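Undergrad: Handing you a structure now.
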Amino acid sequence: MAVFDASNKTVTIKLVYYGCALGGKTTNLVTLHRLTDPEGRQGLVSIATTNDRTLFFDLLPMDLGQVGGLAVKVKLYTVPGQIHYELTRRQVLAGADGVVLVVDSSPEAAEWNVWTFKNLRENLENNHLDPDETPTVVQWNKRDLPHARAVEDLHKDLNVRGLPEFEAVATAGVGVVETFAEVLKAAIVKTYAKTGRPVKDRDQLGQIVDKALEQARKRIPDEEPDRSPTFDRRFDWDAYREEQEDLGHDRRVVDQSSLLSESVATSMMLAERLESLKSMERLSKRRGHMMNALSRLAPMLADPKAKVLPPGVTALLLEGAQRKRGSLLLYLPGDKIMDVREAVPDGTDALNDTTSDAVGSVAQLLCERSEGVSVIDDIVTELFFGQAPSSVDGVASLLVASLDCDGIAFGALLIYGRVSEARFDDTEREYWKTAGVL
Ligand SMILES: Nc1nc2c(ncn2[C@@H]2O[C@H](COP(=O)(O)OP(=O)(O)OP(=O)(O)O)[C@@H](O)[C@H]2O)c(=O)[nH]1
Ligand SMILES: [Mg+2]
């Protein structure tokens, strides 16, 4: 289904090349790629078997330019024609805005072509797309084959609905651009109509599309395709692959045995991406909490009635960092313990209560020694040599953030990390540092 991106004023249209096996769908895309993008700015992505049969799909992205104030991007896909890839065919067809039915003109393909027309209808319906409303163009391909069936026969047998039809020699570029232009115009008309911006002037649309493809048409070789048998002029996939590799595009070849590991690897990659997205989500939620707390703190401090530090600051900041225990301590000039201005959860600070007559409270020592933010990851070992008082039971780590006013330290925040909580990381250090200077 066409995708509208209102912010970038872009519409992306999906076109699917459908048809029986070996009919020339991939060749259509390869040729279009060469004609529209000879420098290979955008890559053609093909997931093929080792003998170049489409396994999943081919994808060619293309920028068409502006139509009716919107930048039109086109995504061209081919389905695998081989009969046993039914589920893949259905999946690739989902959301198609237009379809090209590539018909192999050789008599051997007659039965398969009939099957394909029926199969397309079924798969459009399976995708909840109306076959009679989906823009569809028929391409009689391989017209260079000496024994190609007459177009009148093909038309009578297959195109009973009288869909637009084009003769083509996809390998030589004949009819490829014309087919594409026709389905593109029809898909644009349909897509724009659905979104309430109907194309009023179809001739003008035709001119825009033709202009966008003008250079591509000029690149089609002039000479008439020779009528030698197919096998003499088969498409040179090896040369094409080398050419693409030189351009830095990777035409991916997957054989049956490596398919499973390819799928597992892809799933793993997706899982990893998902995981890193989830952790980014967790981090941004956490940052959101912190930003919220800091932005609530700022107006409290700016209030002229607030006396230096208004009550509730500690609880607010702890909430922002999702911590449960901490205190705001101020220096008492000439004293060896600190003034516990606020302490969560119970109004006391374990390290300020832990004193020795000679040096004063542990909290005071820590605050004096720390500048900015410092962290002790294992307080039991580092502060108490394995003999911690019961008042710090359940505490693992400690963060000390100095409180500064015009470069002069007047106290500190002590944040206790419990055994069950995460360590203090750089995000949180940054947060407490900001809180300390606000
Ligand atoms: N003579 C001749 N051969 C063509 C033409 N178009 C494609 N071929 C050849 O037909 C063979 C199959 O072409 P593909 O484009 O791979 O066919 P496909 O429809 O993508 O096939 P699947 O991916 O298996 O469904 C290749 O060898 C092409 O070179 C054409 O117009 N004339
Ligand atoms: Mg193919």
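The values are calculated or read from the model by the stated rules, or taken from the named source; none is laboratory data. Bear in mind that the values here come from a model prediction, so they are computed numbers and not experimental data. With ideal geometry, Cβ positions are generated from the backbone for all residues, glycine too; neighbour counts draw on all protein chains shown. Heavy atoms of the whole protein, side chains included, go into the accessibility calculation; ligands, DNA and RNA do not. Shrake-Rupley method; radii C 1.70, N 1.55, O 1.52, S 1.80 Å.
Undergrad: Pop out the Kirkwood hydrodynamic radius of the range 143-187 from its pairwise C-alpha distances, inverse of mean 1/r, in Å to one decimal.
TA: Final number for the Kirkwood radius of the range 143-187 is 11.7 Å.
Undergrad: Using a 1.4 angstrom probe on the protein heavy atoms only, line up 84, 289 by accessible area, largest first. Let's see the in-between values first.
TA: Details: 84 120, 289 85 Å².
Sorted by accessible area, descending: 84, 289.
Undergrad: What is the local net charge at residue 36, summed over the other residues whose Cβ is closer than 14 Å to its Cβ (Lys, Arg +1; Asp, Glu -1)?
TA: On the way: positive: 34, 41, 73, 75, 211, 217, 218, 219; negative: 37, 39, 63, 178, 210, 214.
Here the charged neighbours net out to +2.
Undergrad: Gain in length, residue 298 to residue 189, computed as 0.36 nm per residue apart minus the alpha-carbon separation, to one decimal in nm?
TA: Contour length minus the Cα-Cα distance gives 33.7 nm.
Undergrad: What is the diffusion coefficient of the range 1-54 in µm²/s, taking the Kirkwood radius over Cα pairs and the Stokes-Einstein relation at 20 °C with a viscosity of 1.002 mPa s?
TA: Details: Rh = 13.5 Å.
Rounded to a whole number, D works out at 159 µm²/s.
Undergrad: Once label points are set 7 Å from the Cα along Cα→Cβ at both residue 390 and residue 204, what is their separation, rounded to one decimal in nm?
TA: Distance between label points: 8.7 nm.
Undergrad: Could you pull out every one of the lysines with an alpha carbon less than 24 Å from that of residue 285, ignoring same-chain neighbours closer than 8 positions?
TA: 324, 433
Undergrad: Of 180, 403, 10, which is farthest on the positive side of the dipole of the chain, counting Cα position, with +1 on Lys and Arg Cβ, -1 on Asp and Glu Cβ, and the Cα centre as origin?
TA: Farthest towards the positive end: 10.
Undergrad: Between residue 283 and residue 246, what length in nm is gained on full extension when 0.36 nm per residue of separation is reduced by their alpha carbon distance? Provide the component values of the computation, followed by the final result.
TA: On the way: separation 37, 0.36 × 37 = 13.32 nm, distance 4.13 nm.
Gain on extension, residue 283 to residue 246, equals 9.2 nm.
Undergrad: Which order, highest average first, do 141-152, 416-427 follow once you tally other Cβ atoms within 10 Å for each residue and take the mean per peptide?
TA: Highest mean packing first, the order is 141-152, 416-427.
Undergrad: Another question about this same structure. Would you kindly find the accessible area of residue 83, with a 1.4 Å probe and non-protein molecules such as ligands, DNA and RNA excluded, rounding to the nearest 10 Å²?
TA: 80 Å²
Undergrad: To the nearest 20 debye, what charge dipole does the chain have about its Cα centre, counting +1 at the Cβ of each Lys and Arg and -1 at the Cβ of each Asp and Glu?
TA: Once rounded to the nearest 20, the dipole reads 1200 debye.
Undergrad: Only bridges with both residues in the chain count here: give the DSSP antiparallel percent, nearest 5.
TA: 65 percent
Undergrad: Next question. What per residue convex hull volume, in Å³, comes out for the range 3-254 when only alpha-carbon positions are used?
TA: Spelled out: Cα convex hull of the range 3-254, divided by residues, is 133 Å³.
Undergrad: Hey, any idea what the orientation-averaged projected area of the convex hull of the range 301-437's Cα atoms comes to, in nm²?
TA: Quarter of the Cα hull surface area: 8.4 nm².
Undergrad: For the chain, what does -39500 (n - 2.57) per DSSP helix run (n ≥ 4), summed and divided by total residues, give at 222 nm, in deg cm²/dmol to the nearest 500?
TA: Numbers: 14 runs with 176 residues, N = 438.
Roughly -12500 deg cm²/dmol at 222 nm, from the helical runs in the chain.
Undergrad: Enumerate the lysines that residue 118 could reach by cross-link, defined here as Cα to Cα under 25 Å, with residues fewer than 8 away along the same chain left out.
TA: Excluding near neighbours in sequence, the set is 14, 25, 75, 142, 156, 185, 190.
Undergrad: Between 0 and 90 degrees, rounded to the nearest ten: what's the tilt of helix 256-302 against the longest Cα principal axis of the chain?
TA: Long axis of 256-302 versus the principal axis of the chain: about 40 degrees.
Undergrad: Same structure, new question: Does anyone have the angle between helix 25-36 and the longest principal axis of the chain? Alpha-carbon axes, 0 to 90°, nearest 10?
TA: Roughly 80 degrees, rounded to the nearest 10.
Undergrad: Roll a 1.4 Å probe over the protein chains and send me the accessible area per residue for the chain in Å².
TA: 52 Å²
Undergrad: Pairing the Cα long axis of helix 426-437 with the longest principal axis of the chain, what angle in degrees results, from 0 to 90 and rounded to the nearest 10?
TA: Taking the Cα atoms of the chain, the angle to 426-437 is about 50 degrees.
Undergrad: Further question on the same structure: When the label point is put 7 Å from the Cα of residue 382 along its Cα-to-beta-carbon vector, which residues of the range 403-438 have a backbone N closer than 13 Å?
TA: Answer for this model: 415-417, 423-425.
Undergrad: Evaluate E = 1/(1 + (r/R0)^6) for residue 276 and residue 371, where r is the Cβ-Cβ distance and R0 equals 45 Å; express this FRET efficiency to the nearest 0.05.
TA: For R0 = 45 Å, the calculated efficiency reads 0.80.
Undergrad: Among the DSSP beta bridges whose two residues both lie in the range 3-254, what percent are antiparallel, rounded to the nearest 5?
TA: 40 percent
Undergrad: Mind checking which of 91, 204, 322 has the largest fluctuation in a GNM of the chain, springs on alpha carbons under 10 Å?
TA: Of 91, 204, 322, the most mobile in the Gaussian network model is 322.
Undergrad: Using a 1.4 Å probe on the protein heavy atoms only, what accessible surface does residue 101 show? Give it in Å² to the nearest 10.
TA: 0 Å²
Undergrad: Could you please state how large a percent of the accessible area of the chain is carbon and sulfur, counting protein chains only and using a 1.4 Å probe?
TA: On the way: 12250 of 22900 Å².
Its accessible area is 54 percent carbon and sulfur atoms.
Undergrad: Project the alpha carbons of the chain onto their principal axes and report the range along each, largest first, in whole Å.
TA: Result, largest extent first: 109, 52, 39 Å.
Undergrad: While we're on this one: Take 122, 382 and sort them by solvent-accessible surface of the protein heavy atoms, 1.4 Å probe, largest at the top.
TA: 382, 122
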